[in-house]
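Accompanying notes for the structure given below.
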Amino acid sequence: MSTSTEYSKFDKSYKLSTFFFVILLLCVNPIVGRIHRRVVDEEAENSLKNRWSIYNEEETASTRPKNPQWLTPQGLNRLGLNNGLGLTPPMGWNSWNFFGCNINETVIFETASALVFTGLADLGYNYVNIDDCWAELERDEDGNLVPRKSTFPSGIKALADHIHGLGLKLGIYSDAGFYTCQKQPGSLGYEMQDAQTFANWEVDYLKYDNCFNDKSKPEIRYPVMRNALNSTSRQIFYSICEWGRDDPAKWAGQVGNSWRTTGDIVDKWSSMVKLADENDKWADFAGPGGWNDPDMLEVGNGGMTVEEYRSHFSVWALMKAPLLIGCDIRDLKPETFEILSNEEVIGVNQDPLGVQGRRVKKGSWLRSKLQVWSGPLSGGRTVVLLWNRGLFAANIKATWEDLGLSSGTPVIVRDLWKHETWEGNSVDEIEARVHGRASEMFILTPQTTTQ
Ligand code: GAL
């Protein structure tokens, strides 16, 4: 046998064994990874339980039905949310986007006053919502949540009284988990007790987050708090915040007054556009009493241009999203105020018909960033947003066919940002020149419809 034949035999078997070894590694790696992840997850959970010592297995199991009957249509009717709130999307302010954890009662008091003296309260912004970081890291000896003494020394009840005195409403925040995202105690297993605490404090709105949960489905955990809120004598708007994880639009209409359809917004054009698209998928599921929530407004926080913020506000209004201001309204720039106080755009959001507008046209390929969003309003009217997501100015056209109007219907065109009515009637399309990363918003009123 020649050396070269021997070598080639060796080479073949070497290659073959390497091949099998690689295949073996590929097969084993995910299994090892999964086992490792499970061990790490269990360790993390146990350490959470020990650290916060608020997880009480029996209590959680007894307050949470083992058989989620409310997921059957019959159960839905019996246990469904029926608190009479949110007939139009909620409007107000929330602390998180601007302040994060740096909140205290002075900020909340001053924000409430600012809502009143700027006139924003009169335009409908009436919820003053405290987000994460308002509570002590430990419950009291009776298991009650306690306002953080260093930052909320007067307590939440005093805050609620003051805010009610201004004609506004107070919102608070908790979590369907062992603790909140910023590690104050969560309400999992304490639903009845915490709902009663919020009701005693005369809170009007609860945002209910999803951090550090027990890995059971949100469909199981969120109705527990709904039932707890319903069992108090207080009407509390219930805002579900499970980040769209389990397609809440499909089930949350019977559970909450609004549900987040997305992850957290970032103060950037790309984030805002992405969230609008994600929220758009669920348009069919929104309506009076229950709204899709693509997260709170970033208008005024500085990460987008004025035109970009105008689009942000316009598309949020058109999608019937909650209009929760997320900037420091004690220090509003005139251009921010001009956007947030546009009564005609707010009117679209608060229209009593309560139908979520949606994307009705997207150009193909190079023109895919030129879009038409639209939806029906009361009185036979139609709202239209010509939205240019590209960098360069372009003409965008919406035909009556795009908008679901009968061809030849004469309409009056009202420009909601210029506050002007177009001369004459349009009969089969509207078209406008739209700057890059900007939009134009109109209401079309058919001439034949009496309002
Ligand atoms: C996130 C939530 C945010 C904010 C934050 C507070 O889960 O989506 O809107 O509430 O928690 O920690």
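Tabulated data for the structure shown
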{"item": "Residues that are outside any helix (DSSP H, G or I) and either open to solvent by 40 Å² or more (accessible area, probe 1.4 Å) or among the basic types (Lys, Arg) (or both), drawn from the range 85-101", "result": "LEU87, THR88, CYS101"}
{"item": "Inter-residue pairs, beta-carbon under 6 Å, first within 22 Å of SER311 (Cα to Cα) and within 15 Å of the ligand (Cβ to nearest atom) and in the range 246-267, second open to solvent by 10 Å² or more (accessible area, probe 1.4 Å) and hydrophobic (A, V, I, L, M, F, W, C), 6+ apart", "result": "ARG260/TRP243; THR261/TRP282; GLY263/TRP243"}
{"item": "In the range 171-202, residue surrounded by the fewest Cβ atoms within 10 Å (Cβ to Cβ) [restricted to those that are among the acidic types (Asp, Glu) and away from the ligand (no atom under 16 Å from the Cβ)]", "result": "GLU202"}
{"item": "Matching residues, the range 223-243, being within 16 Å of the ligand (Cβ to nearest atom) and either in a loop (DSSP other than H, G, I, E, B) or of a type outside the set (Phe, Trp, Tyr) (or both)", "result": "MET225, SER239, ILE240, CYS241, GLU242, TRP243"}
{"item": "Residue satisfying all of: in the range 203-222; assigned to a loop (DSSP other than H, G, I, E, B) and within 14 Å of the ligand (Cβ to nearest atom); least open to solvent (accessible area, probe 1.4 Å) among these", "result": "ASN210"}
{"item": "Condition broken by GLY143, with the remaining ones in (1) of a type outside the set (Phe, Trp, Tyr); (2) under 20 Å from GLU202 (Cβ atoms); (3) touching a Phe, Trp or Tyr at 6+ places or on another chain (Cβ under 9 Å); (4) not in a strand (DSSP E or B) satisfied", "result": "(2)"}
{"item": "Those strands (runs of 3 or more DSSP E) lying entirely in the range 350-437 with at least 2 residues over 21 Å from ALA276 (Cα atoms)", "result": "394-399, 411-415, 429-434"}
{"item": "Residue count, the range 66-114 (criterion: among the β-branched types (Val, Ile, Thr), modelled with pLDDT of 60 or more and more than 16 Å from the ligand (Cβ to nearest atom))", "result": "3"}
{"item": "Lone qualifier among TYR190, TYR179 - being under 21 Å from the mean Cα position of the chain (by Cα) and more than 30 Å from GLU343 (Cα to Cα)", "result": "TYR179"}
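The values are calculated or read from the model by the stated rules, or taken from the named source; none is laboratory data. Bear in mind the structure is a predicted one, so any value in this text is a computation, not a measurement. All Cβ positions, even for glycine, are placed from backbone atoms using ideal geometry, and neighbour counts span all protein chains on display. Side chains included, ligands, DNA and RNA excluded: accessible areas come from the protein's heavy atoms. Shrake-Rupley method; radii C 1.70, N 1.55, O 1.52, S 1.80 Å.
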